[in-house]
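The values are calculated or read from the model by the stated rules, or taken from the named source; none is laboratory data. Because the structure is predicted, anything quoted here is derived from the model rather than measured. Virtual Cβ from ideal backbone geometry, glycine too; neighbours counted across all protein chains shown. With ligands, DNA and RNA removed, areas are computed over all heavy atoms of the protein, side chains included. Shrake-Rupley method; radii C 1.70, N 1.55, O 1.52, S 1.80 Å.
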Amino acid sequence: MSSSQRHRAAVGRVLLPAVFLSALSFPALAVQPLDTFSIRVAGYISKFDTQLRADGETVRGSDVDLDRDLGLDGDSTIGLISASWRPFEDHEFGISYYQDSFDSRRTLNRDINFDGATYPASATVRSEYNLDAYELNYNWWAANNETWALGPRLGLIWYKVELDLSLVVDAGGNQGGADFDRQVSADIPAPTIGGSWRWTPAEDWRLYAEAGYFKANINDIDADVTFARGGVEWYPWESFGFMLDYTYNNIDADADANRFNGHLEFKDSGIRLGGVYRF
């Protein structure tokens, strides 16, 4: 090896570690109020409170609390994935999805009429509840500044709800039959109109809040919808961080559809905790 080659090698041995250490110590770029693209994977510590009335063709159904009457406890931790994209400076689109299901076996403490079938007190019934939720939103950032952004928001959470109920044994201890197998399902649109806000109070932190309300008759469902969400994000790295927020969505709906005729009051709330990739 020539002296010049040895010199270049020595310089390389000195400079490479220095460049590496400088890269490690160089601070991440400050988080902006808005991202061009982000994806979130989180655990949703959810609470679903549901009261439902399924009417028969000629008989009004009973008001049923899924937890108290059927033992369907809606408290669980489920997975959630969401993404947002801002193709233009002041316009952002978002999408998310989650699903949950639970079942129970319960001895009734009162008579329940469900979708035209009567389940007497002291009978044992089996129930299963399935939920799929798709959330879409659009934000127009009318005020887009260096540390905060504010604008109107259009949101839609589309719930697919299904409840199966069957008689295991009647009040006399006799086995139930297919005549007491009932299933109701409904696609429940929950649109909202409101606003969104983002704020970066410090270099690695971002706060956000959004809320909305809407009342409309869509898809044979007359619904009154209230939505709110607030949270915080922390970015120890430039493109990856963590999120924590609380979501509340309330639907009070009357339905007159082929697969579900009755009333539904549905509360979807809980804490979301997970990771965020952004740029």
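Which of the residues spanning segment 165-195 are open to solvent by 40 Å² or more (accessible area, probe 1.4 Å), within 15 Å of residue 115 (Cβ to Cβ) and in contact (Cβ under 8 Å) with a residue 12 or more places away in the chain?
Scanning segment 165-195 gives 179, 180, 181, 182, 183.
Before we move on, is residue 242 in contact with an Asp or Glu (Cβ under 8 Å, 6 or more places away or on another chain) and in contact (Cβ under 8 Å) with a residue 24 or more places away in the chain?
Yes; evaluated as a whole, the condition is true for this residue.
Quick one: how many residues across segment 116-135 are crowded, with 18+ Cβ neighbours inside 10 Å and over 17 Å from residue 72 (Cα atoms)?
So the count comes out to 3.
Keeping to segment 236-256, report how many residues are in a strand (DSSP E or B) and surrounded by fewer than 17 Cβ atoms within 10 Å (Cβ to Cβ).
8
Each row is one residue, and each column tells you yes or no for (1) in contact with a strand residue (DSSP E or B) (Cβ under 8 Å, 6 or more places away or on another chain); (2) more than 25 Å from residue 164 (Cα to Cα); (3) polar (S, T, N, Q).
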{"residue": "181", "(1), (2), (3)": "yes, no, no"}
{"residue": "208", "(1), (2), (3)": "yes, yes, no"}
{"residue": "214", "(1), (2), (3)": "yes, yes, no"}
{"residue": "228", "(1), (2), (3)": "yes, yes, no"}
{"residue": "233", "(1), (2), (3)": "yes, yes, no"}
{"residue": "243", "(1), (2), (3)": "yes, yes, no"}
{"residue": "250", "(1), (2), (3)": "yes, no, yes"}
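Return the residues of segment 73-115 that are open to solvent by 60 Å² or more (accessible area, probe 1.4 Å), hydroxyl-bearing (Ser, Thr, Tyr) and within 30 Å of residue 141 (Cβ to Cβ); say none if nothing qualifies.
Hit for segment 73-115 is 97, nothing else.
Identify the residue in segment 257-279 that is of a type in the set (Phe, Trp, Tyr) and in a strand (DSSP E or B) and, among all such residues, is surrounded by the most Cβ atoms within 10 Å (Cβ to Cβ).
266
From 142, 133, which residue is more than 23 Å from the chain's Cα centre (by Cα) and either of a type in the set (Gly, Ala, Ser) or modelled with pLDDT of 95 or more (or both)?
Testing whether each residue is more than 23 Å from the chain's Cα centre (by Cα) and either of a type in the set (Gly, Ala, Ser) or modelled with pLDDT of 95 or more (or both) leaves just 142.
Can you tell which of 63, 55, 67 is free of Cβ contacts under 8 Å to residues at least 40 places away in the same chain and more than 23 Å from residue 274 (Cα to Cα)?
When all the criteria are applied, what remains is 67.
If we keep just the residues of segment 55-72 that are at pLDDT 90 or above and open to solvent by 100 Å² or more (accessible area, probe 1.4 Å), which is farthest from residue 103 (Cα to Cα)?
This residue is 60.
Quick check on segment 217-235. Is at least one of its residues open to solvent by 50 Å² or more (accessible area, probe 1.4 Å) and touching a residue at least 40 places away in the same chain (Cβ under 8 Å)?
Looking through segment 217-235, none of the residues is open to solvent by 50 Å² or more (accessible area, probe 1.4 Å) and touching a residue at least 40 places away in the same chain (Cβ under 8 Å).
Every residue in segment 46-60 that is touching a His at 6+ places or on another chain (Cβ under 9 Å) and of a type in the set (S, T, N, Q), please.
51, the sole residue that qualifies.
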